[in-house]
Amino acid sequence: MKTVLITGVSRGAGQALAKQFLDEGWQVIGTSTSGTVSLEHASLTVHKLDLAQQAQVASFVEELKAAKVKLDVLINNAGVNLSSEAEYPTKTLSVDTLEQTLAVNLVGLAALTEACLPLMQSDGQIIALSSGAGAFHPFIAANTPSYQISKAAVNMYMRTLAERLKDEDIKAWLFDPGWMKTDMGGPYGQKMPEQAAAELYGLVAQDKPTNGTFWTADGERDF
């Protein structure tokens, strides 16, 4: 049985991804900040993890190592889009909001990924959920600058990781799920998280993305 680690499985895209992989017969290791989720399955284990707390990240990975876990896929899904800047779109950047956002979306993601590298199987895949909001082509108005900055930074982190792994049997790539109808995406999202989860799983199952690429449901795209 293959094993996937998915961060942020308590709701939204993370929960949909966990269900998708479970339905396909995978062992799923999930995380949430509370350590609890509504989803129950014999092949699902959930761990408490706050990506903003690096000590928690280190302790969590040590647990996986002690259990001799080997990962076929790591999906960095968990992230935050804090709302303090939404009242003043394109006008104000809150440094506090930027710091809090980067602590989870970039630093926490990178800390977990780096710690998990020794756990990856040959032919493993490391995936980060990104966003068109963090892309440069085309440029999108900065109505939530901290979130957009964090996603652009994640894109560069994954590109540099892919370069570092180019002589290994592990691939690193990005997936933009589109604007989803979730707590983060809001009620006007154009896609249900279950659809995005099925699209991402299809790419994983086909082993389609190459190292260092950025994918959507419509195929590979520019950063």
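Do we have L109 as assigned to a helix (DSSP H, G or I) and of a type in the set (A, V, I, L, M, F, W, C) here? Taking the combined requirement at face value, the residue satisfies it. Taking (1) aliphatic (A, V, I, L, M); (2) in contact (Cβ under 8 Å) with a residue 60 or more places away in the chain; (3) within 23 Å of T216 (Cα to Cα) in turn, L82 satisfies each apart from (3). Taking region 147-164 only, how many residues are farther than 22 Å from Y201 by Cβ and aliphatic (A, V, I, L, M)? The qualifying residues number 4. Here A13 meets the list (1) of a type outside the set (S, T, N, Q); (2) over 14 Å from the mean Cα position of the chain (by Cα); (3) at negative phi almost entirely, failing just condition (2).
Based on what the data block shows, is E114 among the charged types (D, E, K, R), closer than 24 Å to K70 by Cβ, surrounded by fewer than 17 Cβ atoms within 10 Å (Cβ to Cβ) and at pLDDT below 95? Step through it out loud before you land on a result.
On the way: among the charged types (D, E, K, R): yes; closer than 24 Å to K70 by Cβ: yes; surrounded by fewer than 17 Cβ atoms within 10 Å (Cβ to Cβ): yes; at pLDDT below 95: no.
For E114, the condition - among the charged types (D, E, K, R), closer than 24 Å to K70 by Cβ, surrounded by fewer than 17 Cβ atoms within 10 Å (Cβ to Cβ) and at pLDDT below 95 - is not met.
You will find that of L112, L165, L161, the residue that is farther than 20 Å from W215 by Cβ and out of contact with any His (no Cβ under 8 Å at 6 or more places or on another chain) is L112 and no other. Taken across region 130-138, residues that are under 20 Å from A18 (Cβ atoms), modelled with pLDDT of 95 or more and not hydrophobic (A, V, I, L, M, F, W, C) do not occur at all. If the condition is being of a type in the set (K, R) and over 24 Å from P193 (Cβ atoms), then region 12-69 contributes K65, K68.
Restricting region 154-184 to residues that are modelled with pLDDT of 90 or more and of a type in the set (V, I, T), the residue that is surrounded by the most Cβ atoms within 10 Å (Cβ to Cβ) is V154. The single condition among (1) under 27 Å from W215 (Cα atoms); (2) modelled with pLDDT under 95; (3) surrounded by fewer than 23 Cβ atoms within 10 Å (Cβ to Cβ) that E87 does not satisfy is (1). Report yes if T7 is in contact (Cβ under 8 Å) with a residue 60 or more places away in the chain and β-branched (V, I, T), otherwise no. Criteria met by T7.
Within the set of pairs 6 or more residues apart or between chains, which connect a residue that is in a helix (DSSP H, G or I) inside region 145-158 to a residue that is among the charged types (D, E, K, R) with Cβ atoms less than 7 Å apart? If the second residue must be among the charged types (D, E, K, R), the pairs left are P145/E85; S146/E85.
Of the residues I126, I140, which is within 19 Å of the chain's Cα centre (by Cα) and either part of a helix (DSSP H, G or I) or among the aliphatic types (A, V, I, L, M) (or both)? Spell out how you get there, then give the answer.
Values: I140 fails: within 19 Å of the chain's Cα centre (by Cα).
Being within 19 Å of the chain's Cα centre (by Cα) and either part of a helix (DSSP H, G or I) or among the aliphatic types (A, V, I, L, M) (or both) holds for just one of I126, I140, which is I126.
Every condition in (1) over 22 Å from A197 (Cα atoms); (2) surrounded by 13 or more Cβ atoms within 10 Å (Cβ to Cβ); (3) not hydrophobic (A, V, I, L, M, F, W, C) is met by N76 except one, and the failing one is (1). Quick check: is even one residue across region 24-40 surrounded by 13 or more Cβ atoms within 10 Å (Cβ to Cβ), under 20 Å from K151 (Cα atoms) and at pLDDT below 95? No: zero hits.
The values are calculated or read from the model by the stated rules, or taken from the named source; none is laboratory data. None of these values were measured; they are calculated from a predicted model. Note that we place each Cβ from the backbone using ideal geometry, even for glycine, and neighbour counts take in every protein chain shown.
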